[in-house]
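As structure tokens, the structure follows; a few thoughts come after it.
Please treat every number below as a calculation from the coordinates, not as lab data. Remember, it's a predicted structure, so these values are computed and weren't measured experimentally. Positions of Cβ are generated from backbone atoms using ideal geometry, with glycine treated the same way; all protein chains shown enter the neighbour counts.
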Amino acid sequence: MRVLITGAAGFLGSHLSDRFINEGHTVVGMDNLITGSMDNIAHLMGHERFSFVNQDVSNYIYVAGELDAVLHFASPASPNDYLEFPIPTMKVGSLGTHNTLGLAKAKGARYLFASTSETYGDPLVNPQPETYWGNVNPNGPRSCYDEAKRFGEALTLSYQRYHGLETRIVRIFNTYGPRMRLNDGRVVPNFIAQALTNKPLTVYGDGSQTRSFQYYTDLVEGVYRLLFSGESMPVNIGNPVEMSILDFANAVTEISGSSSDIVFVHPKDGRFTDDPKVRRPDISKAKRVLGWEPTVDLAEGLAKTVDFFRSRV
């Protein structure tokens, strides 16, 4: 296959590019590098089955030749990023989704939209099944990301229903691993960077809010299986092992061998506004439809991630 992956220089996009190259496919990577990095795909540059286009998918895009699949992973994905770039975040989720859907339609390609567990907002149901409609603040500081992804899902399914386009939607839960940015602003790189420099780990609120963390290899496997499945409605891909942020902070200090203390903070810049109190995927659909479930536990994944960051702090 020949596939287009948007956001290819990002954390997840680069790992997906690796997977498709390793499976023998040809990848066209596209990224405007607003949050991505060429370091993530440097090893692919010059590969005979990889090419890179520096372009914002919110603008008109053109790819010469045939395409068999389009995977739309371009978007700022952390509170730090979408609080700094709220309008580009909304544009890549709306105009970017429209442009990539139009390209897939023109090429007769299968389309996969990278959605997020943030479509569930601050959920009133735990764990969150795909049938849950969510509890999202449509005009809070996080809405630029949450609503862009919700709109992207709606537009993707509109193309499927109206144009008959083959579409897939993955709802990604907290994913971590090598190639995350140190200044990402998300909890995993934050805690690891603080632990490796023996600075206090900063926990927002009282640390009782929960998250479910999956290692990137599990996410990539789920996305790959979803693309080749026959499922057009959203599918959760995440690890259902739920833990509090405070427990996660303790796990990071233990695995990294850090002597860092834990401090509790209440940021005033909107980063903690609408922060979900719980987050846990119901993955029964992924098990049933894809035969997928995560295989990497937190201790193993965190150890590998800490090793990656240790040389970069």
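Structure data summary
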read-out: Cross-link reach list, lysines versus Lys105, counting only Cα pairs under 30 Å and skipping chain neighbours closer than eight places; value: Lys91, Lys149, Lys285, Lys287
read-out: By average C-beta atoms within 10 angstrom, highest first, the peptides 120-131, 208-219; value: 208-219, 120-131
read-out: Protection-proxy order for peptides 197-204, 150-157, each taking the mean of Cβ atoms within 10 Å per residue, highest first; value: 150-157, 197-204
read-out: The chain, Cα convex hull volume normalised per residue, Å³; value: 118
read-out: With eigenvalues of the C-alpha gyration tensor scaled by 5 and rooted, segment 42-196, Å; value: 26, 22, 14
read-out: Along principal axes, Cα extents of segment 160-313, largest first, whole Å; value: 54, 32, 24
read-out: Positive minus negative residues near Ser78 (Lys, Arg vs Asp, Glu; Cβ under 9 Å); value: 0
read-out: Of all DSSP beta bridges in the chain, antiparallel share, percent nearest 5; value: 10
read-out: Distance between modelled label sites at His25 and Asp206, nm, 7 Å Cα→Cβ extension; value: 4.6
read-out: Convex hull per residue volume in Å³, alpha carbons only, for segment 18-105; value: 98
read-out: Only Lys, Arg (+1) and Asp, Glu (-1) charged, at Cβ; segment 1-116 dipole about Cα centre in debye; value: 380
read-out: Part-to-part distance (alpha-carbon centres) for segment 105-154 and segment 31-95, which is given in Å; value: 19
read-out: Karplus-derived 3J(HN,Hα), 6.51/-1.76/1.60, for each residue of segment 32-44, Hz, glycine and proline x; value: 9, 6, 5, 10, x, 9, 5, 4, 5, 10, 4, 5, 8
